[in-house]
1. Order of 98, 74 from fewest to most other C-beta atoms within 10 Å?
2. Expressed as a rounded percentage, what relative contact order does the range 18-127 have, with Cα pairs under 8 Å and six or more residues apart?
3. Starting from the Cα gyration tensor of the range 18-127, take the square roots of the eigenvalues, sort them a ≥ b ≥ c, and report rounded, prolate or oblate (rounded when a/c is under 1.5, otherwise prolate if a/b is larger than b/c, else oblate).
4. Quick one: which of 113-122, 100-109 comes out on top by average Cβ neighbours within 10 Å, and what's the full order, highest first?
5. Going by how many other Cβ atoms sit within 10 Å of their own, how do 20, 127, 31 line up, fewest first?
6. With 10 angstrom as the radius, rank 16, 45 by how many other C-beta atoms surround their C-beta, starting from the fewest.
7. Which shape class, rounded, prolate or oblate, goes with the range 80-131 when its Cα gyration tensor gives a ≥ b ≥ c as root eigenvalues, a/c under 1.5 marks rounded, and past that a/b bigger than b/c marks prolate?
């Protein structure tokens, strides 16, 4: 009964999922940080900042919301509206969208698919000139 009470108060989250939960968060932060390093080197300026923290926050929201994609998308939209209000350029906003996508992907547990998508995005960005106009 006590175990059921604890699990119910954790919104169905069991302690045996804790290692995977931590792995999801670490992967989200790592993938976003790798993307930030690549993106900033490609632009030759510091366009993205705090990408690991943003992806970690979105992944955390997704996991806490019991893998509820609508709540995570709403949270990502709120972050994007906040970023757009800061009058950032389109390239930086595109980078932030990718970072939030990384957080959404890792938070839902699709770590392998997120990694493959990140590799494809990095390959496309490698061969595409990023104009700042």
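Nothing in this text is a laboratory measurement; each read-out follows from the coordinates by a stated rule. What you see is a predicted model; the values in this text were computed from it and never measured. Note: ideal-geometry Cβ built from the backbone for every residue, glycine included; neighbour counts use all protein chains shown.
1. 74, 98
2. After rounding, I find 36 percent.
3. Note, shape of the range 18-127 comes out oblate.
4. Packing order, densest peptide first, comes out as 100-109, 113-122.
5. Lowest count first: 127, 20, 31.
6. 16, 45
7. oblate
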